[in-house]
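Contents: one structure, followed by commentary.
Values quoted throughout were computed directly from the atomic coordinates according to the rules given, and no laboratory measurement underlies them. Computed from a prediction, not measured in an experiment: that's the story for all the values here. With ideal geometry, Cβ positions are generated from the backbone for all residues, glycine too; neighbour counts draw on all protein chains shown.
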Amino acid sequence: MESRDEQVDLKGVMWMLASVVLFAGNTLLIRGASLVSAGADGWMATLFRGAVGILILLIFFSNGRGFEWRRMFSNRLVMMRGLIGGVGIICFYITITELGAGRAIVINLTYPMFATVIAAFWLKEKVRLVTSCWLVVAMAGLVVFLSDGNMKLAPSGYDMLGLFGALAAGFVVVIIRKLRHEEHPATIYGAQATCSLLLGLPFAGNAPALPSAGLWLLALGAVVVTFGQLIMTSAYQRLSIAQGASLQMTLPVFTAVGAFFLFGEKFAAHELAAAAVVLIAIWRVAARRKFPAPRN
């Protein structure tokens with residue numbers, strides 16, 4: 001018998017997909033900024049993500065509207081969300097630099113599997129075997145879809161670092177799910193924004209050298225990712241970890257669609273077929289429906 005959290009919640013699914021679209025938009029905006037200026041790298045994006053994120057929270061969610069500074073430091077789980085999320089960001093950016101985007105993203109997107117296992121032990125969320133199988137199918141499809149020359153490299157310490165980052169990301173989404181009845185999404189994300197700001201501060205001196213177009217693209221990307229994070233956090237109030245995290249695995253597909261239209265990127269037939277497999281597998285996980293228990 002599945003838990004109540006595994007019922008289909010259309011609103012939760014739509015919110016999670018909306019967050020994925022916003023995350024894809026953020027990725028494309030950062031890529032656009034990097035094309036404008038090489039200095040608009042991941043660390044600058046992290047700086048803007050933190051600074052703009054905090055500004056948005058102060059404007060829209062302060063003064064009793066959800067964002068509580070004190071709760072960010074008095075609630076141990078909220079602090080963990082920020083610190084562990086920061087570790088995950090560092091690991092992800094390092095692996096992109098050392099392993100290439102394709103290999104790094106595939107490794108990072110193992111986090112739904114880590115999250116599902118963590119949620120099963122910590123939150124007692126029940127997951128059927130068929131759900132786990134569909135997650136594996138989705139992961140296999142992502143490997144094919146994102147594969148490039150770097151996928152043939154022998155495992156290295158950076159692969160382990162990437163897996164550690166994926167484990168951190170898995171912990172983060174479970175913490176978000178755990179906090180769903182305790183904290184407002186603005187406070188939960190505030191911890192991440194604060195950590196991102198601190199991580200990016202050492203690189204703040206590079207900002208004045210960026211062209212105005214790069215600055216605007218980074219700022220817009222930070223706005224988009226902030227609302228994406230807030231919507232994602234709200235979606236986890238309605239969806240199980242397996243459902244929510246599986247929907248996040250569609251991020252590369254949405255990003256690829258945007259790259260096709262904005263940057264003219266082309267995809268081979270086998271990559272399109274793999275993307276279809278990913279979408280079918282995710283649909284099978286997200287659309288699982290609970291049937292009422294028979295009455296005696």
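So here's what we get for this one:
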item	result
The range 186-235-the range 62-88 distance, computed between alpha-carbon centres (Å)	16 Å
Rough spin-label spacing in nm, given labels placed 7 Å along Cα→Cβ, for Arg70 and Ala140	5.4 nm
DSSP H segments from the chain that extend 18 Å or more along their own axis, Cα-based, with Kyte-Doolittle mean of 1.0 or above	10-36, 42-61, 76-99, 129-146, 157-178, 212-235, 269-286
Value of Rg to Rh for the range 237-286 (Rh from inverse mean 1/r over Cα pairs, i.e. Kirkwood)	1.07
Per-residue [θ]222 nm for the chain (sum of -39500 (n - 2.57) over DSSP H runs n ≥ 4, rounded to 500)	-24500 deg cm²/dmol
Kirkwood Rh, angstrom, the chain [1 / mean 1/r, Cα pairs]	19.6 Å
Proximal lysine pairs, the chain, alpha carbons under 17 Å, eight or more residues apart or interchain	5
Normalised contact order of the chain, rounded percent, pairs of Cα under 8 Å and 6 or more residues apart	42 percent
The range 170-296: proportion of alpha-carbon pairs further apart than 24 angstrom, %	50 percent
